[in-house]
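Since the structure comes first, as structure tokens, the remarks are kept for the end.
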């Protein structure tokens, strides 16, 4: 045997992919494609954390060998039925701008909470994700996305940020609960899963919960406390900065900038002056419109605003309370539908509330 | 029949079309990656390959109809992050291969022992050679890519592929026992039957 023959002999022992492995890979790709409408290069920091959940989800399934589970990285939610894309759009950008101006004014009037030592800022985030499921496939064929089922799950997690923000942050993440099923056998598929029932408690100095696992340092992320401190407060300068951050990501600078604004608002940690600047910056983005006058997320109702692009698969709304100017939450609406998800479905939402607490709860 | 290039163009308007590329190439990529980093890491590598490819589909060079070299290039880059795992995997593959060779019941006992020694020497050399040479060699031997395909996958001139491959094969040959290193059996793409003498 010459060296090449030996080398090839060595490769004879290499595994072919199992049907499960192929299916999981395909599902990952198709979900990435399905959610790519709202995905941006700039939104990666959020996805990175979520992808951890995704990996765990797949691992758990492989062990159970029952079905394919993939968490969709669209952490947005809302009522189970949402308006169909732009159809219910009730205003042009002037109307959206007015809501945003008012929100900016309201933000300016608010003072950020000041914490005394021992106190924590509690950031309560109610959220829903979509989980994709599929029946066990005994053939070698990749799964047909139309045969897959899905379940919208929700949970409410709490982050505790210490008065000294360089101290230890605590993140309490309870397991997800099923809310809405999509597809004929969705409930059966869900019953076949072995979803985690454990509440995960994660700690991290300065909010770096997964130290060493992130590709970029916390301080370099625009949606970290350090990153937010560096963002311009002048709306136009802020928007220019966001355009720069977005780079040449595929969906265009306006869509990217809106996603970035949403990312920062979602954290619940943006100080009042930054929130005001973000609202004013959003008002400068072409294509930003009111998508629904009264959208309900997590039981609270507000005005839904989004950058509307009907060529995209999904739309991300930010929901603002028009009276107080506070962000109620955000949601993602599937414009075109895919697999078991009908067009117009709210495929995810988050709703954030912040309060000052005198200490950590018993953990 | 759509070419890969057609599919990628189509996916610019209809992103779901991109899924077809997975069906066409995932198994080949997986086997190549599994040979290098083992089955479990291969799952991640191949998954990441397609996410990366989808994200970068606008950069695909449509002069090429077949996306396989491009995908192999992405996979190879991703594998480089798993060097330690690759070394570990080569060690266990060496044991498995030695077992298979023994199981072939071919040739004299001394030949089999020789084959076993050689396979261990081979994997050690493989682990130690320059990463660029190893990539080139394994794309050729395991990925079944042509010189032109490898040049495309690794973004180097074909001449570079040829010289890397020569160097890699020379290095491997030097690590084998004299009887084996004297032979220059094939440059083909099929798996030759075990030799009987």
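Every read-out reported here was derived from the displayed coordinates using simple, explicitly stated rules and does not represent laboratory data. From a predicted model like this one, the values you see are computed outputs, not experimental measurements. Here the Cβ is made from the backbone with ideal geometry for all residues, glycine too, and neighbour counts use every protein chain on show.
Here are a few things to note about the model shown:
- Among A:155, A:128, A:107, the order by Cβ neighbours within 10 angstrom, fewest to most, reads A:155, A:107, A:128.
- Per-residue mean of C-beta atoms belonging to partner chains within 10 Å, peptide A:17-26: 6
- The residues B:129, B:85, A:148, when put in order of fewest to most other Cβ atoms within 10 Å, stand as B:85, B:129, A:148.
- Counting neighbouring beta carbons within 10 Å and listing from fewest to most, the residues B:90, B:50 come out as B:90, B:50.
- Per-selection Rg to Rh, segment B:1-74 - Cα, Kirkwood hydrodynamic radius: 0.97
- Computed from the C-beta positions of residue B:13 and residue A:19, the FRET efficiency with R₀ = 35 Å rounds to 0.70.
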